[in-house]
Amino acid sequence: MQEIPFIETTIAARVFGIINLARSRSENAAIIGEPGVGKTRAVNAYIERHNGAYLMTVNAVTGNALRDLLRELSN
């Protein structure tokens, strides 16, 4: 199966901007939005282009998503 090429959309540009701002401030960033708009795809494209970026996904359906996220970050 052939992979669909990444196209930098306005959503991707916003995601890249948020990540760049967080990195310049040595902070974490949370990318939150509607499902299916390309957030994870944009972050994966960013990771391919930049060293030191890390992706962690959290599903809002998870019962204690915020607690689980904080626990994973602390590990």
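With Cα Rg over 2.2 N^0.38 Å defined as stated, name the option among (i) 1.38; (ii) 1.32; (iii) 1.18 computed from the structure displayed.
(iii)
Along the charge dipole of the stretch 1-64, which of Ala22, Asn64, Ala12 sits closest to the positive end, that is, farthest toward it, with unit charges on the beta carbon of Lys, Arg, Asp and Glu (+1, +1, -1, -1)?
Ala22
Would you work out the charge dipole size for the chain about its Cα centre, treating the Cβ of every Lys and Arg as +1 and the Cβ of every Asp and Glu as -1, and quote it to the nearest 20 debye?
For the chain, the charge dipole is close to 180 debye.
All of the numbers you see were taken from the coordinates with simple rules; none came from a lab. In this text the structure is predicted, and so the values were computed from the model without any measurement. Virtual Cβ from ideal backbone geometry, glycine too; neighbours counted across all protein chains shown.
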